[in-house]
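Chemist: Take this structure first; my questions come after.
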Amino acid sequence: MRLAKFLAHAGVASRRGAEEIIRAGRVTIADKIVTDPARDVDADSGVAVDGRYLEGPEERMVFVLNKPVGVLSTAADTHGRRTVVDLVPSRGARLYPVGRLDADSCGLILVTNDGDLAQRLTHPSFEVPRTYRATVRPVPVSEHALRTLREGVELDDGRTAPAKVRQLRPGVLEITIHEGRNHQVKRMCEAVGHRVNTLQRVRFGPLRLDDLPEGAHRRLKGAEVEGLRKA
Ligand code: URA
């Protein structure tokens, strides 16, 4: 197996993250630094990261978490603030979030040690649909603004792809996008003259937040993980 894939399967990082770790000279095979992510290895090769030996593949786990406002969607925070990974029992596994939700957003986020799956789900070419519920000001949002949001708005990093947008009640929008740009929903709403007050992700691919309480998580079943892989 390629070294980068081996590290991803061992839960070290996503495959792309593993390649960076390897290129940075942090990986040894039988105590010799190796910087080629394509090197062929197996569980007996003596692979170590930062001097710590890795065993074979770690059991893969995928959790869905209802992120509260104020919790960061990074694996670790240098200022010791609470992250999504702190809210899920890792049982020794190295977990990290799939994609990002802003600190002041809440709702559905996946946390996993499955680097391949994480990379797949966040890669722009897979276009996994994400649905958000946004409360905006001023109220209501005009038909014209809704149509503009649906057709695509011009942002400083380019025009957004067509989106599904409904006004559930005055000032409450349900928006489904297939891209994962930074602050995308907030920027889209701002582009049509509305400020987002609260933002919750209610759906990611085939998964729904449903009645998972705020701050709670559940581990996905095998069939749900397969559904995500096909998303
Ligand atoms: N769009 C945003 O603006 N923020 C998020 O957290 C997610 C999508």
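The values are calculated or read from the model by the stated rules, or taken from the named source; none is laboratory data. Because the structure is predicted, anything quoted here is derived from the model rather than measured. With ideal geometry, Cβ positions are generated from the backbone for all residues, glycine too; neighbour counts draw on all protein chains shown. Surface accessibility is based on the protein's heavy atoms, side chains included, excluding ligands, DNA and RNA. Shrake-Rupley method; radii C 1.70, N 1.55, O 1.52, S 1.80 Å.
Chemist: At what distance in angstrom do the alpha carbon centres of region 24-63 and region 75-140 lie from each other?
Modeler: 26 Å
Chemist: Place the peptides 168-180, 91-103, 28-40 in order of packing, highest mean first, counting for every residue the other Cβ atoms within 10 Å and averaging per peptide.
Modeler: Ranked by mean Cβ neighbours within 10 Å, highest first: 91-103, 168-180, 28-40.
Chemist: For region 129-204, just the Cα set please: Rg and Dmax, both in angstrom.
Modeler: 10.8, 30
Chemist: Right, here's the next one. May I ask you to list the lysines whose Cα is less than 17 Å away from that of Lys230, ignoring any residue fewer than eight positions away on the same chain?
Modeler: Lys221
Chemist: While we're on this one: Could you give each residue of region 191-201 its phi-based ³J(HN,Hα) in whole Hz, using Karplus coefficients 6.51, -1.76, 1.60 with θ = phi - 60°, and x for Gly or Pro?
Modeler: Residue by residue, region 191-201 yields 5, 10, x, 10, 9, 7, 8, 9, 9, 10, 8 Hz.
Chemist: Expected output is a single nm value to one decimal: the length gained when fully extending between Ala93 and Glu190, i.e. 0.36 nm times separation in residues minus the C-alpha distance. What is it?
Modeler: Stretched fully, the Ala93-Glu190 segment lengthens by 31.0 nm.
Chemist: Let me ask something additional. Using only protein heavy atoms and a 1.4 Å probe, report how much of Lys5 is accessible, in Å² to the nearest 10.
Modeler: The accessible area comes out at roughly 70 Å².
Chemist: Also: Given 10 °C and 1.306 mPa s, compute D for region 3-53 with the Stokes-Einstein relation, Rh being the Kirkwood radius over Cα pairs; round to the nearest whole µm²/s.
Modeler: My calculation gives 154 µm²/s for D.
Chemist: Restricting to bridges with both residues inside the chain, how much of the DSSP beta-bridge set is antiparallel, in percent to the nearest 5?
Modeler: Within the chain, antiparallel bridges account for around 95 percent of the total.
Chemist: Let me ask another. How large, in Å, is the chain by the Kirkwood hydrodynamic radius built from its alpha-carbon pairs?
Modeler: Result for the chain stands at 19.1 Å.
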